[in-house]
1. Would you please list the contacts, defined by Cβ atoms under 6 Å and residues six or more apart or on different chains, that run from a residue in segment A:107-130 that is open to solvent by less than 30 Å² (accessible area, probe 1.4 Å) to a residue that is outside any loop (DSSP other than H, G, I, E, B) and of a type in the set (D, E, K, R)?
2. Within segment B:98-129, restricting attention to residues that are modelled with pLDDT under 95 and open to solvent by 50 Å² or more (accessible area, probe 1.4 Å), which residue is farthest from the other protein chains (Cβ to nearest Cβ)?
3. Residues B:99, B:120: which one is more than 15 Å from the chain's Cα centre (by Cα) and not hydroxyl-bearing (Ser, Thr, Tyr)?
4. Any idea which of (1) away from the ligand (no atom under 16 Å from the Cβ); (2) within 14 Å of chain B (Cβ to nearest Cβ); (3) over 23 Å from residue A:321 (Cα atoms) is the one residue A:111 doesn't satisfy?
5. Just to check your reading of the model, which residue among A:44, A:64 is charged (D, E, K, R), away from the ligand (no atom under 16 Å from the Cβ) and not in a helix (DSSP H, G or I)?
6. Taking helices (runs of 4 or more DSSP H) that fall entirely within segment B:36-129, which contain at least 2 residues that are without any contact (Cβ under 8 Å) to a residue 24 or more places away in the chain?
7. Can you pull out the residues in segment A:396-407 that are open to solvent by less than 30 Å² (accessible area, probe 1.4 Å) and not hydrophobic (A, V, I, L, M, F, W, C)?
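The values are calculated or read from the model by the stated rules, or taken from the named source; none is laboratory data. What you see is a predicted model, and the numbers here were worked out from it, not measured in a lab. Every residue, glycine among them, receives a Cβ derived from its backbone with ideal geometry; neighbour counts consider all protein chains shown. Calculation scope for accessible area: heavy atoms of the full protein, side chains included, ligands and nucleic acids excluded. Shrake-Rupley method; radii C 1.70, N 1.55, O 1.52, S 1.80 Å.
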Amino acid sequence: MRIEDVVCPFCGCLCDDLVVSVEGTKVLSVENGCTLATEKFTGDHRLAHPIRRTGGSWEKTTYDVAIRETAEILLDAERPLLYGWSGTFVEAQTIGVHLAELLGAVIDNTSTVCHGPSIMAIQEVGHPGCTLGQVKNRADVIVYWGANPIEAHPRHMSRYTTFADGFFVKSAFRDRKVIVVDIRETDSSEIADEFVKVTPGGDYAVLSALRMIVRGKGELVPEKVSGVTREQLFRVANICLSARFGAIFFGLGLTMSRGKYKNIRNAIELTEELNRHTKFTISPMRGHWNVYGSNEVFTWITGYPYAVDFSRGIAFYNPGETTSVDILRRKECDACLVVASDPGAHFPRACAGHLASIPTVQIDPHVNATTHLSRIQIPVAVTGIDAEGTAYRMDGVPIRTRQLFSTDYPDDVAVLGRIYSLVKEAKG
Amino acid sequence: MDFLMTTGRTIRQGSYVERKNTPSYRDEASCIRMNPVDMLELLVEEGDAVRVTGNGSSVVMRTKPDPMLPRGLVFVCLGPYANVLASPWTHGTGMPDFKTMPVSIEPTTDAPLPVSALMKECGGVPYED
Ligand code: SF4
């Protein structure tokens with residue numbers, strides 16, 4: 001069977017134009033998707049059944065036992081952490097937030113180690129963003145700052161920027177100028193019209209220099225700023241100023257390096273300066289296919305986008321204190337529920353070590369690094385393949401993923417719903 | 001020799017991300033890309049094992065020349081190998097310094113561990129499917 005308009009549940013581009021051929025519960029081929037999409041749809045490495053660990057050995061278990069024990073672990077804990085959420089759909093994320101409230105837990109999503117700093121900056125100075133459709137149809141200058149879309153969001157350039165012809169940009173490759181700013185050359189910088197190579201940790205200064213030029217204070221800019229010549233800074237500023245519509249996309253090169261959210265704040269303020277002359281927008285290159293959804297869900301229920309602590313009976317948010325890496329570093333949580341992410345692989349080792357020392361339960365279709373740190377793992381259906389649900393694209397557009405076939409795996413809503421009911425029953 | 005290590009995504013890392021117990025994932029996540037001149041100075045060739053030390057821990061990786069990297073900067077894709085060296089301090093932001101980790105690198109005869117063994121090192125119990 002050939003299924004059209006399939007949504008890819010891999011990266012924040014959330015491409016919705018895939019054509020997938022399936023036979024029974026097997027994916028035969030994927031058209032239109034990038035390598036990552038093909039790997040995702042044809043991957044066949046699911047955990048077959050729930051597993052639990054007693055002491056030093058693993059055993060197979062049932063969904064009933066695994067779900068009951070998970071509820072008991074969470075009920076026994078004084079300071080449980082519910083982490084992950086970006087690899088599942090918003091209906092499941094909603095149950096997660098309600099579960100956290102019921103437990104008085106901390107709930108955090110993967111933005112904490114990707115675009116959390118971007119959100120902090122947006123809370124300070126706002127977000128002059130737009131949808132990807134606007135970029136595709138209007139933008140004649142594109143800036144990728146601290147991002148390498150060819151490796152991380154492989155179709156971003158072909159669907160929305162460098163290679164995508166739009167309504168007002170008839171021949172994208174000729175009419176759109178692409179600027180890449182990074183600390184190293186990448187496949188993306190190779191196809192840029194202008195590559196700005198910044199010394200590591202120097203982004204803030206370069207952004208400030210560009211702001212000075214746009215503000216008309218260019219004469220104060222020194223010969224070199226963080227490895228970038230004055231001449232190139234002026235050239236880049238002029239390209240931006242002569243744009244009819246410019247779009248800045250930034251990645252973890254800005255959020256993770258020195259300055260963190262202050263880098264993003266400076267980039268947003270550069271965008272604001274440019275808007276005094278022409279139209280400019282700025283958007284984060286969100287990683288997981290539904291990380292944006294987790295920020296939406298957390299915000300519409302609690303008022304805060306990530307790192308929400310319910311231990312006081314009300315929602316409390318303070319990045320640096322209620323963020324997962326800090327809680328784990330302080331060895332503060334005494335149980336952890338990991339849903340649809342892999343902190344074992346993506347957190348600093350000290351944090352992974354604490355996960356191993358407390359009862360950690362993972363709800364995830366695949367064996368990953370966190371599996372080895374857990375006490376229980378409950379496999380679920382993969383959203384967008386054998387489960388369906390709503391996700392938010394990197395520009396905040398909600399898109400409903402499709403179920404291509406059904407399997408015996410329950411989806412995240414089914415498993416989390418049962419855990420929630422058990423906790424609710426015990427709490428009275 | 002001292003280097004600055006940075007991390008990021010690669011297509012291969014993304015491709016193997018849902019099968020972290022496989023040799024293909026291990027090979028990509030434990031691959032350290034460096035400037036060929038730096039490799040010459042370290043007396044290592046492509047595929048040689050190196051011990052990378054930082055933040056009080058060390059991990060074995062395999063080298064790959066990458067002329068696009070400036071001297072002194074090395075690149076490892078995000079994942080459990082790079083994170084052995086990551087400090088859990090976040091300067092009050094929630095975000096560790098994943099992009100800028102000071103490390104030292106020396107040749108070794110050891111081989112990179114599988115992901116399950118890395119997790120065992122920090123207290124986990126490997127699950128083999
Ligand atoms: S660019 Fe992202 S969403 Fe689009 S097909 Fe590739 S992995 Fe999937």
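1. Short answer, once both residue conditions are applied: A:121/A:265.
2. B:128
3. Numbers: B:99 fails: more than 15 Å from the chain's Cα centre (by Cα).
Just a single option satisfies the conditions, and that option is B:120.
4. Against the list (1) away from the ligand (no atom under 16 Å from the Cβ); (2) within 14 Å of chain B (Cβ to nearest Cβ); (3) over 23 Å from residue A:321 (Cα atoms), residue A:111 comes up short only on (3).
5. Details: A:64 fails: not in a helix (DSSP H, G or I).
Criteria check complete, one pass: A:44.
6. Values: elements: B:36-42, B:80-83, B:115-121.
Correct list: B:115-121.
7. First, pick out the residues of segment A:396-407 that are open to solvent by less than 30 Å² (accessible area, probe 1.4 Å): A:396, A:399, A:401, A:404-405.
If the condition is that a residue be open to solvent by less than 30 Å² (accessible area, probe 1.4 Å) and not hydrophobic (A, V, I, L, M, F, W, C), then A:396, A:401 are the ones that fit.
Residue-by-condition table, conditions (1) open to solvent by 60 Å² or more (accessible area, probe 1.4 Å); (2) of a type outside the set (Asp, Glu):
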| site | (1), (2) |
| --- | --- |
| A:155 | no, yes |
| A:181 | no, yes |
| A:210 | no, yes |
| A:215 | yes, yes |
| A:219 | yes, no |
| A:234 | yes, yes |
| A:244 | yes, yes |
| A:250 | no, yes |
